[in-house]
Each structure stands twice: as C-alpha cells, then as structure tokens.
Amino acid sequence: DFKPSIWTVYDVLLVIAGSMAHRYADFNEEINNLGFYQELTKQHGADKAWQIFNATLPIYDKTSPVTVPDRHATRRNIKYRGKQNPAYLADMQMASIQTLTPLAFDTKGQHQNFSDDESRQSYIEKHLTQSGIPGKAGFSSASNVWLVNSKKTKDAKGLLVNGPQFGWINPSYVYGVGLHGAGFDVVGNTLFAYPFMLFAHNGDISWGSTAGFGDLVDIYVSKLNPDNADEYFYNGSYQPLSKRSETISIKDQQTIRQTFYRTHYGPVILIDKQAGLVYSKKRSWEGHEVETSVAWVELARQKNFKSWRKQLSRMSTNINFYYLDKKGNIGYTHTGKYPVRKNGHDNRLPAPGDGSMDWQSYLPFKKNPHVYNPKQGYITNWNNRPEHNWRNSDLWWRRWGKAERVDILISELEAKKKFTSAEIWDINSRSSFADLNLRYFLPLLKKELAENNQPKLVKDSLHVLEQWDAYWWDKNKDGVFDGDGAPLIMQNWLTKLSSTVLKDDVGDKYFFRFASPGYPINAVSAAIPVSAGVKIIVNTIDQIENGKAVDYDFFNDRNPQQVLGETFTSSVKELANKFGSDPNKWQLKPHPHNFSAFNFRGVAQTTKDNEMALPVIMNRGTENNLFVAKDRKIQGWDVFAPGQSGFIAPDGTKAPHYADQMDLYWQFKNKPLPHSDAEVQSMKESEVILQVE
C-alpha cells in the first residue's frame, strides 16, 4: 500500500553504500572486545587478561598463510605489535560499557525482533554456540579465488576462478550483464542495481574480488561535558555534538522522529550518559563512496595491470582484487584507504577521543599488499591475511592465524606442477565440501594414540578418521554424510576439545565466541570458516610443540597431545553410548543448501513458499566465475543460482530463467559468456530495441 518513488542516481549510490561499504567495510567489534577484556580482567587480573586477549586476537601472526608470498611483500615499519597493552587502557577499562548487539535472524534469514537487547544477544549467542558460523548472527559472508599463469597451466596462458560468497537467496543476488557500447565492451555479472561490474572481462583483462577485511574503522571514546550533555571534550575544550533529525514512517504504526549525533570523528554509535562518555566511529572510506563507485565503473575500460591499479588506487573500501589479462599475466591488489595510527594505538579496542590518538595520515596506496606474476605461478585467497606484516582487524570472528581454510586451496595448487583448465575449475567441486580442521589435529592424535594400548572403540574410531577422505558430502545420495562416522566424530570431538581447552580461561560469558568447530550441520546462509576457537587451539599447539614463545598456554601446562587423546577418547565413548559401539555405522545428516526468501538484511525478496534448496550445504561461492586467457583473448563462463530472473507473473507463471541454473550450480558446471558480436548473435533468444527520445 505505498507508491514507489522515482529511482535516482542517489538511490543507486545508497544501494552501493549499504551493500558494499556498510556490509564489508564498516565492521567493528572494538566495544565488544573491550567488554571481553573487562570480563577477563575480573577473572584473572589485568596482566593475565591481556595475555589471553592477545592470544585470542593477535595483531600479527607469522604462521598465517598469506596471499602475497614474503619474497614479494611490501616492507613496512611496524611500531606496535600489541604485546604490551596500550597505556590508555587502564583508565578505559574502569568504565562499565554497554556492548553492542547486531541484528538477529532466524535460520531462514528473516529478521527477528526482540523487546530488549538482552534477549537479542542471548539469541545470537545461542546461534554462534551451535554453529560457530557468522552470517545469520549479523555478520557477513566471504569469498574465495584462485588464479594461475602459464607456469601452472597446460592448455591456457592463465585462468581465474572466483567464488564470491555473499549468501544464498532467491531471487539471485547477482545478475548477468553484457554491455557493448558507450565506450564499454564488457561481459560478466554484478550485484543488484550496481552501475559497475564486479566479476567480468572486457576481452583484454578480467577481474574478480574477495572481501579483504582490512581495518578501516576505529571507535573513539570522548568525555561528555558534565554541565552540558550536548558537548564533548576534544583538544583541550568542549565541542558541540552535531545533530540531525529524521522522520521515519512505519506501516500501521505511528511515525517516529529519531535524532542522530556526530562528533568530528564520525557518527555516534553509543552515548553512556551515566558514565559521561560518547562513542563515535571514524571511517576512512566515509565521503569517498562516489569516487570508489566511479573508479569501479572505469575498471571496465582498462587494458593492462598498471592502468587497472590506477583505478584501484581511488577505491576506499577494503576489497581484494584479482587480475588476469589475455597474455596470461596474473595480479592482486588489496584496496582501501588505510589510516596510519599513532604508536600505541591498539586497533582492536576503542581509543581516547580527546585528540591524543587521532590518525596521523593515510598509508600510500603503493604500500597496500599487491603482487604481479608471483614466482610460484599462482595466487589464492579465502579471506586470509594479505601479507604477514598486515595487521589483523578487530573482528574476533575473522582473526587470521595458522589454521585457515585457504590451506585447502594451497594444497590443491601445490599438488601438481601443471594443471589443465578443467582441473583448475574442478578444484571448486572439492573445496566446497572439504573438512577445514582434520589436517591440523590428526597427525598429533595418531601419535598420542599409537603410544598406548587403546580400547577397540578408540582404535576403530581413529581408523574411521584415517580412512576418511575428509569431505562433507553425500555422493551416494543416501541422506547422510559419507565417511561412516567421521563427520560425527569430528563435530563431537572438536566441540569437546574447545570446551576443555578454552572455557576455563575465556570464561562462561564469552565462551560462545569459541564454542563451536563450525561444521555444516545447521541451516546457514554464509561461508564456513575455520572457527575462532579452533584457530586459537591450533596456534597454541603450534607454539608449544615447536618450542616457540607462547602467547598464552590454554592447555595450562598440560601436554596438548595428551589432551587431544583424552578428549577424543571421551568423545567417542559418548557417541558409542548414543549410537552403538561400531563407529562405521554412526551417521550425521547434512542440512540442505537453502536459497532463502530473505536478503542479507532479513527483508523478504519473495514469498516463503518460493524458497529453494539443494541437498547438501556447500562452502562455495554464491556464484562462480571462470576466466581463461587463451588464443590472444579472454573467454568467460559463470553460474549463479537459482537463475537470472526472479519474476513470477500474477497467475503464478515463473519466468523461463527463474531457476534454470540450479542444476548447473549443483553439478559444478557453468555457462558461456558471449562477448563478441558473433557470440551474442549466436546465443540470442530475443531482441528488444528501446528508442530514447
């Protein structure tokens, strides 16, 4: 019962800001991290609390797999590594803070309303405890990519395979575009209503992207004037808070009026009048949304790596971009306008908003991580650390460590000296189901259990893991995961391991962050990462077993190998009590791969009866793109489910392309992207000519 307004350029830019800048470049967990640190301090005292905090979210980690090999990495002067807590933290931790609660969604993706923040937070914590997978807890998805040049290919000069992971919804999140005219000659696909191409080629070059998760945002805490709550202290005097009011119409309810505040840092996200504090958010990308969008438009006109990077230098959001040209050259650039923080400014926590910790400048674009034709012959990323000397953000759920899912892609690309194009594409059919954790634990577990005479149940359970191909799939279509009891063993064992190793140190209140191993056993519409808890355990084991300096010993002076053995033994005994003594007969059902009726903000895009599903959850791109350099040109293929059109006529008839890519997607196939006029004409189904007057 409302009439749509005229669609304008401003609306287009708002869509970009909301679905790109806000969704991927506006993350911040600094206030919640401070709450975590305060809780640790209550339990352990300030010094031990800092050790635990730093071990759960280190700023740097040399064991992290990276996209840019060290031999190609940029040199940077690193002054603050986070080993010492910042000088200002002692005062800041004294004030009790109100942690921020993100949006909450049900398992179908619909936004959930709660009468109070406490109920919403409890709901979110329960979700994370069960699945460990960000997405429906208000966090975002991610993406993967792999590129190879002639050093790694047999039948092409180079290939780029990109799997952007931004959720699965119906209608499709992306749509295909061929634009030939007005200075453009480009084909590929992009997000809803975008005026530029995210994943495309123009015959000379092709490009794709993944979320970069670089830290572009800081929270500043300013003191309010005790005599005037509309003023805050900055640089020696009280400054007025900026205000604006918005009228918000709500269907079937009264119109409300909302006041929004800003400091000179940026938007105010929390005012604590009782403590006399105001929290505001400084964002390096703010005010650069238009330039970023224009640069993305111009990307489609570029012909080489140098000019391509020139456009990337104008982009302020934190995106990983990938490049393949018709000669087979491959490249990578991490975009974003990164602040140069003062020495001692810890980007994981709020900073004083009195002027003492203001940003000094911005990092020159040439210092952003990038590489061109690395000697290894490939580039790969699954939202892992760009370079070793590139700092972690404040996102506890995206902390970079030794255990990263990109190890799966690295192993695939290192498995052979050279690949055919079909073999490079086929990596996706395995990585989408690959177990993320087994490789980090099985060698040590085998060593522990081999040293003692084990009960038959333990031996049989270990044998099941050893024989497992380590894929969460159902190839025989019997409705349960293949691998006998292995998936159930891994889920149960690592859940117990996380509780045993971490809970006593991180405490009950925040254990939800680290409780789950993050396996595909629940309804999710997000990419599956190595969970935060597993990453901490793997890093701690690596430090202890290899005689390194230990950030914090979560094993509390116990032998990690022994703890693995004990928790494994205890876990399989629990499973035997529930499912019988033969681990070969233990089963775990996969959850379907849902295409939700609700978008990433929980807003309906179709009716619930038009939701769709595939049999087994896949940890893969919302779509997949393939670009191949061959015969002096770029050729392209893609697939995005359910289909190109979400249109349903009033009589219920669905458009012919409503779901015609579901089978292609499920079978890991693709469709060609016609680029030349001859290709377009040969594939043409219909033609409409619009006369512009």
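The values are calculated or read from the model by the stated rules, or taken from the named source; none is laboratory data. Here the structure is a predicted model, which means the values were calculated and not measured. Cβ coordinates were reconstructed from backbone atoms using ideal geometry, including for glycine residues, and neighbour counts include every protein chain displayed. When the accessible area is computed, the model is the full protein with side chains, heavy atoms only, and any ligands, DNA or RNA have been set aside. Shrake-Rupley method; radii C 1.70, N 1.55, O 1.52, S 1.80 Å.
How are the C-alpha pair distances of the range 395-462 spread across 10 Å bins, as whole percents from the shortest bin up?
Over the range 395-462, the share of Cα pairs per 10 Å bin runs 15, 33, 28, 20, 4 percent.
Taking 8 Å as the Cα distance limit and 6 or more residues as the minimum spacing, I'd like the relative contact order of the chain as a percentage.
Values: 1390 pairs, mean separation 146.4, N = 693.
Normalised by residue count, the contact order of the chain is 21 percent.
What is the sum of charges around K151, taking Lys and Arg as +1, Asp and Glu as -1, for the other residues whose C-beta is under 10 Å from the C-beta of K151?
Overall, the nearby charge balance is +4.
What accessible area per residue comes out for the chain, rounded to a whole number of Å², with a 1.4 Å probe? Intermediate results must be reported in sequence, preceding the final value.
Details: 29920 Å² over 693 residues.
Averaged over the residues of the chain, the accessible area is 43 Å².
If R₀ is 30 angstrom, what is the calculated FRET efficiency for the pair A422 and K456, using the beta carbon separation as r and rounding to 0.05?
0.10
Just the number, please: carbon plus sulfur as a percent of the accessible area of the chain, 1.4 Å probe, no ligands or DNA/RNA counted.
50
Under 19 Å from a point placed 7 Å out from the Cα of H657 along the Cα-to-Cβ direction: which residues of the range 152-184 have their backbone N that close?
Residues 169-181 fall inside that zone.
Ranking request for peptides 105-117, 6-18: highest mean number of other beta-carbon atoms within 10 Å first, then the rest in descending order.
Going from most to least packed, we get 105-117, 6-18.
Sorting S411, S645, S293 by accessible area (1.4 Å probe), largest first, what list results? Before the final figure, lay out the partial values.
Values: S411 55, S645 30, S293 5 Å².
Heavy-atom accessible area, descending, gives S411, S645, S293.
Pop the C-beta distance of K79 and A549 into the FRET formula with R0 = 22 Å and round what comes out to the nearest 0.05.
The calculated FRET efficiency here is 0.65.
Test of understanding: what is the full-extension gain from N584 to S686, defined as 0.36 nm times their sequence separation minus their Cα-Cα distance?
The N584-S686 span can extend by a further 31.2 nm.
Rounded to the nearest 500 deg cm²/dmol, what is the calculated helix-only ellipticity per residue at 222 nm for the chain, with -39500 (n - 2.57) per DSSP H run of length n ≥ 4?
The helix-only estimate for the chain comes to -8000 deg cm²/dmol at 222 nm.
Using Stokes-Einstein with the Kirkwood hydrodynamic radius over Cα pairs, what translational diffusion coefficient do you get for the range 429-468 at 10 °C and a viscosity of 1.306 mPa s, in µm²/s rounded to a whole number? Don't skip to the answer; put the middle values down first.
Numbers: Rh = 11.4 Å.
Estimated diffusion coefficient is 140 µm²/s.
In what order, largest first, do R439, R71 sit by accessible area if the probe radius is 1.4 Å?
The most accessible residue leads, giving R71, R439.
Quick one: if the Förster radius is 45 Å, what FRET efficiency do I269 and N304 give, using the C-beta to C-beta distance and rounding to 0.05?
For I269 and N304, the calculated efficiency is 0.60.
Does the range 349-467 come out rounded, prolate or oblate by the C-alpha gyration tensor, with a ≥ b ≥ c the root eigenvalues, rounded set by a/c under 1.5 and, if not, prolate when a/b is larger than b/c and oblate if not?
The shape class here is oblate.
With +1 assigned to the C-beta of every Lys and Arg and -1 to the C-beta of every Asp and Glu, and no other charges, what is the dipole magnitude of the range 606-693 about the Cα centre in debye, to the nearest 20?
It works out to roughly 440 debye.
Report the full-extension gain for the segment W7 to A95: residue separation times 0.36 nm, less the Cα-Cα distance, to one decimal in nm.
27.1 nm
Note down the net charge around R76, summing +1 for each Lys or Arg and -1 for each Asp or Glu among other residues with Cβ under 9 Å from its Cβ.
Taking every other residue near R76 into account, the sum is +1.
Mind running the shape call on the range 286-439? Use the C-alpha gyration tensor, a ≥ b ≥ c as the square roots of the eigenvalues: rounded below 1.5 for a/c, prolate if a/b tops b/c, oblate otherwise.
Oblate, because a/c is 1.5 or more while a/b does not exceed b/c.
Over its Cα atoms, what ratio of radius of gyration to 2.2 N^0.38 Å does the range 65-218 give?
1.47
Can you classify the range 150-240 as rounded, prolate or oblate using the Cα gyration tensor, where a ≥ b ≥ c are the square roots of its eigenvalues, rounded means a/c under 1.5, and otherwise it's prolate if a/b beats b/c and oblate if not?
prolate
Pick out, in residue order, every one of the trypsin sites (Lys or Arg not before Pro) in the range 181-277 that is DSSP loop and has at most 16 other C-beta atoms within 10 Å; say none if there are none.
When the trypsin sites (Lys or Arg not before Pro) of the range 181-277 are filtered for loop state and at most 16 Cβ neighbours within 10 Å, K251, K273 remain.
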